[in-house]
Each structure stands twice: as structure tokens, then as C-alpha cells.
Amino acid sequence: MRKFAMAAGGGILAGILATTQVAGPLLAQQADEGSVYEQLDLFGIVFERIRSQYVEDVDESELIEAAINGMLTSLDPHSSYLPPRDFEDMQEDTRGEFGGLGIEVTQEEGYVKVITPMDGTPAFEAGVEAGDYITAVDGENILGLTLEDAVEMMRGPVGSDITVTIVREGLEEPLDITITRDTIRLTASRVRKEGDSIVIRVSTFNEQTMPNIEDGLKTLEDAGEMEGVNGVVLDLRNNPGGLLTAGVALADAFLDQGEIVSTRSRDITDGDRFNAKEGDITDGLPLVVLINGGSASASEIVAGALQDHHRAVVVGTKSFGKGSVQTIMPVQGDGAIRLTTARYYTPSGRSIQALGVSPDIVVAQPPRDPNAETEEDEEDNALTPLRRSESSLRGAITNDSLSEEEQEQVREEQAAAEEAAQLRDEDYQLAYAIDILKGLGVIEPR
């Protein structure tokens, strides 16, 4: 009994202390819940006033959608409500085919900002660039609209024209660009050979990303073009991201082991970690990853993982800096909400949110001036007859150190070098990446 009494006494004392400490939060919680219900009552009152007294008839379902979307967009630029049609469009997007202009956009301080135009789409062909701000659609100012409303204004029938007003850094006046809407059929990734290097261009991350790469590499192998390859350039420039699983699969394709990315939610038990499985599709060939300000989300996961594992040299300019994970949650009425549920972290534990991935070697793409280029071309053409070599001189003695076959091989290599110089004019960053692979190739391992 004595022990029980002491235990009981202690228990009572502990109970008093616990009550003292918990009562406050419990009362606060009840107060908060009361406040929430009062706010919901307020919402009902405002909704009823609008429905009954607004100067024009209103669509009640549109009011509810706008309220839901407003609640979500107040959280961050990537959370939003997807009405049934938008949810269907999003699902088509992940499969690689959808209708529209072909641009990935976000909202920044009330402005619609282009993350990137997707390769080969109407917006890309019309000259829309990553970093552009869209201020008007068909002459109508879109400042102050939600991102979903602005995107809705840019939608329309395939084959119809739309004029977007662009504000671009470096231009004093806004620029009007007319774009013809089309059905967007994206090839998620392409594989080609440039000289002795393999170039893998990934435009987006969807269900077709890895199958496209695997098919492209097999085509090169079947054609016997994998012999003598000095490395791989993985081009993630202007890639806005897409499916997290597709980004993880691409990073895994170049890694044999180790963490690729981890996600951390508000509840620490809801975090996730993705690890590489054994197997490198390139058998350890040197790898250069190209990024720029249009590389976002899954692109940054891939670049960050390969950089942290010292598997690749990252070249280009700082990436976009989208380090958050959005979960699509179907809701009543065939719609869905896109809700930011986690941040993701590279293998070293760094978050790229709002910071981006910094390249190991900063290489900017020089702005192209078509007029200046034309003048240089004319100058080159005028000087061509004057640019001669020893072999073109009358009576030049022959090279006695190489056979005719070896000399022909040298001439082919020189021609390839001239092609590489031409690529430098067309795509300086890609040419730089290929030059890195060439440089690595001439160094003998110790």
C-alpha cells in the first residue's frame, strides 16, 4: 500500500504538472478550431452575398474553384487546383503529348515567367526564351491574374494564333511574338553522335525519357558507332523537369551505387530516399552534364546527384532552383490538387531550393547577333582564297614520316576539327562540353 500510495502521490503530482502544461495548448487548440469554423462561416456569408447580390450572374462552381485555387496558390508558386480538364491535360503531359504552346511557366511577383520553351514546340520556334516575362496575351494585360488563369488565356484550338507580349532582359521595349497553337508531341530525349562524343539531349522527364535513351543508344550500337567513343554529354538545358521517378531513373543509369535524392516532408516519418542500383549504361565513360537557368526540378536532381558523386563535370550556368516536390492528389469532382509536400535534397544533403545547382565550370551561351554573323561570314568568304597552307604551295616537299593512309587519316581528323569549330559557332556550350571530353581522352591514366 505504501508503495502504491507513493506511486499514486507521484502520479497525482505528475498529473497536475501535466495538466498545467497541456491545458494551455488544449484551450488554444479549441480556440483555433473555433476561429477556423468562424472563418468558414465567414466564407459562406461572402459566397452567399456574391451569389445573390453581385452585379452580374456568377457561376457558382467557378467561384468555388477560384476560392480553392486562391487558397493553394497563396502557399507557394507550385501549389494549385487542377479542374477536371487541367488534370486530364497534366496526365497527357506525363505521357508526352498535349495541346498548347510548348512552354513551362511559373509565377514570380505577379508576373508569368517562362522557365523554358520546350524543344521543337511552337513557342520554341517562335523565339520565346527561358527567363522571358509574359505581360499580356492578345493585348490583354495578365498582371494580377493567377497562374492558372493566365495559362487558361493562352490555351485555345489547335491551329489558332496567339500574340504574347514579352519583356526580356536586355531589350528596352516589350516584344510581341505571335505563336500558332499546336498539338505538342514531345520526344522526351534524343541520342546522337558528335565527332567521337555521344550527346544525349533530354527535353523533359516523362514515361518516355529512359526508353528513348535506351533505343537511341541501341541504334548507335547496332550501327557500330559506339567504337572509339570518348565520353557522353548529357544535355539538360531548358529542361523544366517532370516526373520525379523519371529523373531518378536517369541518374541511376549513370551510377552503380549510392543515394540519388532524398525527400523530406513536414512529418519526418514521411521522407523518402532513392538509391542507385548497380549498372552504368555507359560502362563508366566520362560524363559532362550541361545545365542553364531553364534546367529545373528533375533536371536539378540529376545534375546534383551526378555532381555530388563526382560522376560528371557540370558545365553551363546556374540552374533554376526548384527544390520542392509536388504531389498530385485527385479530389471530388474529377479534379485534383497539386500540393507541395516535400523538399528534395542531393546526396550530400544540400537543398537547391531557390539556389539552384552551380556548375563546376561556368560557361555562358554567347548571345547571337545574326547581322554580325552575316558580316563575319562575308569576310570569311572574301579571305578564303588567301588562306593557304604549306601543302597548297607549288613544289612543296612531301611528308616522309607518315604513309599515304596515315596522312589521309590526319586530314580526316583535321576536317573533324573544323566541324567542331563550326559547332562552336552554333552551340558554344555544347562544343565546350565536347572539348572537355576530348581533353580527358588525351590524358593517359596513371
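Below are the figures for this structure:
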{"item": "Residue in segment 214-228 that is on the phi < 0 side of the Ramachandran plot, under 24 Å from the mean Cα position of the chain (by Cα) and loosely packed, with under 15 Cβ neighbours inside 10 Å present", "result": "yes"}
{"item": "Search result, residues across segment 199-216 that are touching a residue at least 60 places away in the same chain (Cβ under 8 Å) and within 18 Å of ALA312 (Cβ to Cβ)", "result": "VAL199, ARG201, VAL202, PHE205, ILE213"}
{"item": "Check on GLY335, in contact with a helix residue (DSSP H, G or I) (Cβ under 7 Å, 6 or more places away or on another chain), farther than 23 Å from LEU250 by Cα and among the small types (Gly, Ala, Ser)", "result": "yes"}
{"item": "Within segment 168-187, tally of residues that are in a strand (DSSP E or B) and free of Cβ contacts under 8 Å to residues at least 40 places away in the same chain", "result": "2"}
{"item": "Checking ARG190 against (1) in contact with a Lys or Arg (Cβ under 9 Å, 6 or more places away or on another chain); (2) basic (Lys, Arg); (3) at pLDDT 95 or above, the condition it does not meet", "result": "(3)"}
{"item": "Odd one out for VAL261, checked against (1) surrounded by fewer than 24 Cβ atoms within 10 Å (Cβ to Cβ); (2) under 16 Å from the mean Cα position of the chain (by Cα); (3) within 22 Å of VAL313 (Cα to Cα)", "result": "(1)"}
{"item": "Condition met for GLU278 (in contact with a Lys or Arg (Cβ under 9 Å, 6 or more places away or on another chain), within 29 Å of ALA433 (Cβ to Cβ) and either of a type in the set (S, T, N, Q) or in the same structural domain as GLU207 (by TED's automatic domain parsing) (or both))", "result": "no"}
{"item": "Residue among ALA246, ALA251 that alone is under 30 Å from ARG424 (Cβ atoms), part of a helix (DSSP H, G or I) and in the same structural domain as TYR345 (by TED's automatic domain parsing)", "result": "ALA251"}
{"item": "Considering residues of segment 146-162 that are more than 17 Å from GLU104 (Cβ to Cβ) and of a type in the set (Gly, Ala, Ser) only, the residue surrounded by the most Cβ atoms within 10 Å (Cβ to Cβ)", "result": "GLY156"}
{"item": "Any hit, segment 233-243, residues being in the same structural domain as ALA276 (by TED's automatic domain parsing), outside any strand (DSSP E or B) and over 15 Å from the mean Cα position of the chain (by Cα)", "result": "no"}
{"item": "Criterion violated by GLU300 - all others in (1) under 25 Å from VAL362 (Cβ atoms); (2) surrounded by fewer than 21 Cβ atoms within 10 Å (Cβ to Cβ); (3) within 22 Å of the chain's Cα centre (by Cα) satisfied", "result": "(2)"}
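The values are calculated or read from the model by the stated rules, or taken from the named source; none is laboratory data. Not measured: the values here are computed from a predicted model. All Cβ positions, glycine included, derive from the backbone under ideal geometry; neighbour counts span all protein chains shown.
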